[in-house]
Amino acid sequence: MSEILPSPDPLGLPVPPLLLLALKLGGFVLHMTFMQLWLAGLPAAVALLYRRRRIAERLFAAMPFFMAFGINAGIVPLLFLQTLYPQFFYPATILQAWFWFLVIPLLLIAYYAVYLAAFGRFRLIAAIVATLLLSWIGLSFSAAMTLLPMPEKWPAIFLATAQAGSVHGLFLHLPAEAFLRWLLMAGMACGTVAAYLALDAEWFARDPDYVSETRAVVVFLYAVGLVLYAAAAGRYAPMVESQLPLLSRVAAGAGMPAAALLAVVYWRWAGKGAAAALIAAQLFVIVSNALARQAVQTRELKKWIDLERIPVRGEWGSFFLFVAALMIALGVLVWIAWVALRSRKSSPAAAPRST
């Protein structure tokens, strides 16, 4: 263990690290899915507001649900990240303290802006404000997660930003890697919104004009997503290639192009089968990229700490209680999402609202 880092908790981990990593990964997949729906869904709704109003209306109406689900799902990976790597998480965020603290007030403003857009109040301005704030929050997270496995850089940052023994917290770690990780997420987000629109059109919409318009938008969104993803991956892949097994590199690299082909299939031969294939392909994209990200983070941190050597105290009662509560919460979320989607069948298209 390097002298830069504090020692692990002498009491050890509550349960074996493999279980904590699995829960962290599962929570990250859920958070990624909903976070991508608002990351690309908001700007897509703005862009479509005057050209494909039906689609924009349904996207705006769904945004509060995406925000609620995404924020709550995001607690899970953050919780287990702090449990597994507290001596990495806290220094990386303390060095960037003010940007980290700003996440909460900015998120509250963005949340209100999303509701204003959903209810048709100052819609265009509110949607743009929410998009900019949520994009900045994403960059702040990317900055923190990029600095987390780099303890060798912490002393220099501390000395450059310390005053009276404490850092001022105005440092923000935004190298090219942080921007590229955010751009990869934005590219995947376009594909996730496209898959959601295919789901909505084929299973929950009744307006034939909406369904027809959606099929063309799906393939366009996926084309935009593929361009963003490929541009970022071309620069980012060499940075992490040595940290990734061959299978992870192939899966993460091939998923988006394969799903893009399925988006074209859906456009040409639209139907529930083609939509289901596209949705499954996009889920593969999300999961394969989450696995790749976890593999990179684990290997980057392994040179500083070996989780297998940390004692396990075995808090199984608390662990099973958490898992039970998590399963109940997920069941409630699935029920809420199903009821919300089915209720939209009663109205073929939302009434036009002010912008």
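The values are calculated or read from the model by the stated rules, or taken from the named source; none is laboratory data. Because the structure is a prediction, the values reported are computed rather than measured. Positions of Cβ are backbone-derived with ideal geometry, glycine not excepted, and every protein chain shown enters the neighbour counts.
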- Note on the structure: Being crowded, with 18+ Cβ neighbours inside 10 Å and at pLDDT 95 or above narrows Ala110, Ala61 down to just Ala110
- Filter result (over 18 Å from Lys272 (Cβ atoms) and in contact (Cβ under 8 Å) with a residue 60 or more places away in the chain) within the range 205-224: Asp209, Leu221
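So, of the residues in the range 64-96 that are among the small types (Gly, Ala, Ser) and in contact with a Leu (Cβ under 8 Å, 6 or more places away or on another chain), which turns out to be surrounded by the most Cβ atoms within 10 Å (Cβ to Cβ)?
Among residues in the range 64-96 that are among the small types (Gly, Ala, Ser) and in contact with a Leu (Cβ under 8 Å, 6 or more places away or on another chain), the one surrounded by the most Cβ atoms within 10 Å (Cβ to Cβ) is Ala92.
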- Select, from Leu25, Leu124, Leu42, Leu84, the only residue that is in contact (Cβ under 8 Å) with a residue 60 or more places away in the chain and touching a strand residue (DSSP E or B) at 6+ places or on another chain (Cβ under 8 Å). Leu84
- Query: Looking at (1) part of a helix (DSSP H, G or I); (2) surrounded by 14 or more Cβ atoms within 10 Å (Cβ to Cβ); (3) more than 22 Å from the chain's Cα centre (by Cα), which is the one condition that is false for Ala252?
  - Reply: (3)
- Would you tally the residues in the range 154-176 being in a loop (DSSP other than H, G, I, E, B), surrounded by 11 or more Cβ atoms within 10 Å (Cβ to Cβ) and not aromatic (Phe, Trp, Tyr)? 7
- Scan Ala259, Ala263, Ala216 and give me the residue that is of a type in the set (A, V, I, L, M, F, W, C), surrounded by fewer than 20 Cβ atoms within 10 Å (Cβ to Cβ) and outside any loop (DSSP other than H, G, I, E, B). Ala216
- Between a first residue in the range 292-312 that is hydrophobic (A, V, I, L, M, F, W, C) and a second residue that is surrounded by fewer than 17 Cβ atoms within 10 Å (Cβ to Cβ) and outside any helix (DSSP H, G or I), which pairs have beta carbons less than 7 Å apart while being 6 or more apart in sequence or on different chains? Ala295/Pro245; Trp304/Ser2; Trp304/Leu5; Ile305/Met1; Ile310/Gly12; Val312/Gly12; Val312/Pro16
- Note on the structure: Of (1) in a helix (DSSP H, G or I); (2) buried (at least 18 other Cβ atoms within 10 Å of the Cβ), Phe179 satisfies every one except (2)
